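Trainee: Take this structure first; my questions come after.
The values are calculated or read from the model by the stated rules, or taken from the named source; none is laboratory data. Note that the structure is a prediction, hence the values are computed from the model and not measured. Positions of Cβ are backbone-derived with ideal geometry, glycine not excepted, and every protein chain shown enters the neighbour counts. Only protein heavy atoms, including side chains, enter the accessible area calculation; ligands, DNA and RNA are left aside. Shrake-Rupley method; radii C 1.70, N 1.55, O 1.52, S 1.80 Å.
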Amino acid sequence: MSVCVMAGIFQRTVRLRAALRHLCPHSTLTCAARPSPADSPFLACGSGQFVASTRKLHAEPKSSPAAAPERLPFSRVTEEDLAYFRKILPGRTITDPDLVESSNVDWLRTVKGSSEVLLRPQTTEEVSQILRYCNSRNLAVNPQGGNTGLVGGSVPVYDEIILSTSLMNNILTFDNISGILTCQAGCVLENLSLYLEERDFIMPLDLGAKGSCQIGGNVATNAGGLRLLRYGSLHGTVLGLEVVLADGRVLDCLATLRKDNTGYDLKQLFIGSEGTLGVITAVSILCPRKPKSVNVVFLGCETFEQLLKTFQLCRGMLGEILSAFEFLDSECMRLLNTHLKLPNPISDCPFYIVIETSGSDPEHDSQKLHNFLEEAMTSTLVTDGTVATEESKIKALWSMRERVTEALTHDGFTYKYDISLPVERIYQLVTDMRQHLGDRAKSVVGYGHVGDGNLHLNITSPAKDPALLAAIEPFVYEWTAGCQGSISAEHGLGLKKRNYIYYSKPSQAVALMGNIKAMLDPKGILNPYKTLPDNLK
Amino acid sequence: MSGRVLVGVKRVIDYAVKIRVKPDNSGVVTDGVKHSMNPFCEIAVEEAVKLKEKKLIKEVVAVSCGPQQSQETIRTALAMGADRGIHVEVAGKDYETLGPLQVSKIMAALAKKEEAQLVILGKQAIDDDCNQTGQMTAALLDWPQGTFASEVSLDGDKVKVVREIDGGLETIKISTPAVLTADLRLNTPRYATLPNIMKAKKKKIANVKPADLGVDLTSRLEVLRVDEPPQRQAGVKVETVEDLVGKLKETGRI
């Protein structure tokens, strides 16, 4: 990087470090110092475990920005509260620790809360009753969908009541002329895809977690995924939302209109709000037609520059039929070969590209694809590759990209970074990080939605390693800030990245976010400790 | 020996596709449904190409019987490394009733015409699961057969075949010319790489009619009805052990 950029980063670092120092909780309250739960008979039996149990987070010192802050003074659940929940949700108020356990831990198994209550409403009315009650009692609530988030936003930090949308899984309507689907927030993405595919449509988003993630959670986190390149983000494809606000009021903006310019577009506030402004209970979404012809190409490139040139060529020659452009590096391939025994479809190359085309005419598409591949090969931008038109082969090629996340979990403890950068700089971060860490890390891999400028940088070590973490952060955030990139392209902020927001957003913007949060959730009961930084200036 | 290997490849509905029965129960829906090469035929092609790469044989000829679209299947074999293709045109009613007996007659005729040293087929097709074509072809030619092959090695004018059978593995040695059918563990078919896909576009596919080979396509079989397997009933979840016992009593299980 140039000297000027380095100097700029240094100055920014000084300012940011000063800002971050304010975020360190200066109190030294520990678990044992909590007020005795003598007034809540329910907790009496469990209190011993409760006080002794520790949240298993990164083993960073208390002053680390990713660590949880001290528990805010919310009420604790009492026997009366449980009686109320059991009355409105008979058989769906879970307090058995074994059953609540899995909802307390995130998918990556890096964050664990200590909630003792899991609620499973089936209707919007039930969600409204729950929130109205919790708001009046000052009880904190953690909305939870498929629990596949990667930033610790989907699980409790302390004893927040878990509000699961899993039983709200009905499809409400589908119009096969407009392609508009309305459904409850707990519908699993893959189930929606299967439903639509039978009717000749598809969901506008697709991600590796599709078998478990729920549409409400996707909307709350503005999930990106593999099809964003072609169909755009949820900010464009979501037409309406039904949201229950912190005080139990039901906000019905579940319009199914493609165009509606009547007043402020409130749903945009909730898309990406990560459950902190309201609980999404129903979604209406615009779905594209199922393509008649899908081709997947797996290519190998010698250098990242050639990869980018291939992308430009692709855009030019495949144009409107391009539906995905993903990359992975040779380290990812090594992990796929080693841990998942997936063989390389082509010869070993430093970089691999997965290209998908989707169109309405197989002959037209294969002709365009043929021309593109011929050009890519003769200009030696691409050194090897293979094409799939059959469903089974397409799935096999896609799994080379989709299962990298899984392969990483077998390699050791993973530090995940989801960064948006100018496309030309994407791989520079990976090379710089490798150089910076040397052999402190086990593997350093880069992959992701290169077509959208989104890098997934992952670093593994045999076990949780605070020294390694200290070497990675804030280096990675400062590097990103230096290019005006985003420190969280699609994963969101959740618990782990909430305090890094200032790397990518100016303080006036964050302050305004705080105002909106205070207006919609004055008691702050919705998903506390997440998304917004601890110290809102 | 000619050093020529004939490989039969069949175009079938892709195994990842959900099969639907036609409303009149006369067959399954094939219109607009994704088709691909039968997985066992892929393994057969891979084995033939491997033999050529080891220089044990000289030429791989891919054969497919069917309508115009069968040519795509032959192209896939060419992209995997076959040298040329033969498309035996069978369309319409004849294609609907095309089965192992007719195909084996065609393969036998072609094997004689091309002076093939080996005929390699998949052990069965995933649409009809007949597992008959290889055996019938060998019988018509009066050639030895090595079926359910999980390992093949050429040794002069003999072929050693390790066969997967119910009791385990059986090793036989047969003389060429012979018919082999490929089983799942024979090899892992390669992905057709781009350079080969480009080359394949230039390889020749000859067009042949069954009548030219003196083959009569009349079928001796008539499909009466095709039905879906009975729907699996959803299970019932109960909350307590008492409920479970009650339900079991209710349905007369205990």
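Trainee: Kindly establish whether B:N187 is modelled with pLDDT under 90, of a type outside the set (V, I, T) and surrounded by 14 or more Cβ atoms within 10 Å (Cβ to Cβ).
Mentor: no
Trainee: Condition first: open to solvent by 20 Å² or more (accessible area, probe 1.4 Å), at the interface with another protein chain (Cβ under 9 Å from one of its Cβ atoms) and of a type in the set (G, A, S). Now tell me which residues in the stretch A:336-394 satisfy that.
Mentor: Matches in the stretch A:336-394: A:S347, A:S392.
Trainee: Would you check which residues across the stretch B:162-182 are more than 20 Å from B:K55 (Cβ to Cβ) and either touching a Ser or Thr at 6+ places or on another chain (Cβ under 9 Å) or touching a residue at least 40 places away in the same chain (Cβ under 8 Å) (or both) and list them?
Mentor: B:V162, B:R163, B:E164, B:L169, B:V179, B:T181, B:A182
Trainee: Provide a single number: the residues in the stretch A:107-150 that are part of a loop (DSSP other than H, G, I, E, B) and closer than 19 Å to A:L520 by Cβ.
Mentor: Total meeting the criteria: 3.
Trainee: Another one. Among the residues of the stretch B:176-196, write down those that are part of a strand (DSSP E or B) and away from chain A (no Cβ under 14 Å).
Mentor: Passing the criteria: B:A178, B:V179, B:L180, B:T181, B:A182.
Trainee: Okay, next question. Looking at the stretch A:222-305, what strands (runs of 3 or more DSSP E) fall wholly within it and have at least 1 residues that are touching a residue at least 60 places away in the same chain (Cβ under 8 Å) and surrounded by 22 or more Cβ atoms within 10 Å (Cβ to Cβ)?
Mentor: Once the strands (runs of 3 or more DSSP E) in the stretch A:222-305 are filtered for at least 1 residues that are touching a residue at least 60 places away in the same chain (Cβ under 8 Å) and surrounded by 22 or more Cβ atoms within 10 Å (Cβ to Cβ), what remains is A:238-244, A:279-286, A:293-301.
Trainee: Do any residues in the stretch B:115-134 that are under 14 Å from B:Q102 (Cβ atoms) have Cβ atoms under 7 Å from those of residues that are open to solvent by 60 Å² or more (accessible area, probe 1.4 Å), where the two are at least six apart or on different chains, and which pairs are they?
Mentor: Once the first residue is under 14 Å from B:Q102 (Cβ atoms) and sits in the stretch B:115-134, its partners that are open to solvent by 60 Å² or more (accessible area, probe 1.4 Å) give B:A125/B:K10.
Trainee: Name the residue, out of B:E47, B:E42, that is under 30 Å from B:E151 (Cα atoms) and either away from chain A (no Cβ under 14 Å) or in contact with a Phe, Trp or Tyr (Cβ under 7 Å, 6 or more places away or on another chain) (or both).
Mentor: Of B:E47, B:E42, the one residue that is under 30 Å from B:E151 (Cα atoms) and either away from chain A (no Cβ under 14 Å) or in contact with a Phe, Trp or Tyr (Cβ under 7 Å, 6 or more places away or on another chain) (or both) is B:E47.
Trainee: Kindly provide the set of residues from the stretch B:2-25 that are open to solvent by 10 Å² or more (accessible area, probe 1.4 Å) and β-branched (V, I, T), ordered by number.
Mentor: If the condition is that a residue be open to solvent by 10 Å² or more (accessible area, probe 1.4 Å) and β-branched (V, I, T), then B:I13, B:V17, B:I19, B:V21 are the ones that fit.
Trainee: Right, another one. Working only within the stretch B:200-217, note down all residues that are in contact (Cβ under 8 Å) with a residue 12 or more places away in the chain and either within 14 Å of another protein chain (Cβ to nearest Cβ) or not hydrophobic (A, V, I, L, M, F, W, C) (or both).
Mentor: Within the stretch B:200-217, B:A200, B:K201, B:K203, B:K204, B:N207, B:K209, B:P210, B:G214, B:D216 meet the criteria.
For (1) more than 27 Å from A:T256 (Cβ to Cβ); (2) without any contact (Cβ under 8 Å) to a residue 24 or more places away in the chain; (3) open to solvent by less than 10 Å² (accessible area, probe 1.4 Å), each residue gets a yes or a no:
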{"position": "A:E126", "(1), (2), (3)": "no, no, no"}
{"position": "A:S154", "(1), (2), (3)": "yes, no, no"}
{"position": "A:V157", "(1), (2), (3)": "yes, no, yes"}
{"position": "A:I171", "(1), (2), (3)": "no, no, no"}
{"position": "A:I177", "(1), (2), (3)": "no, yes, no"}
{"position": "A:I180", "(1), (2), (3)": "no, no, no"}
{"position": "A:G186", "(1), (2), (3)": "no, no, yes"}
{"position": "A:D200", "(1), (2), (3)": "no, no, no"}
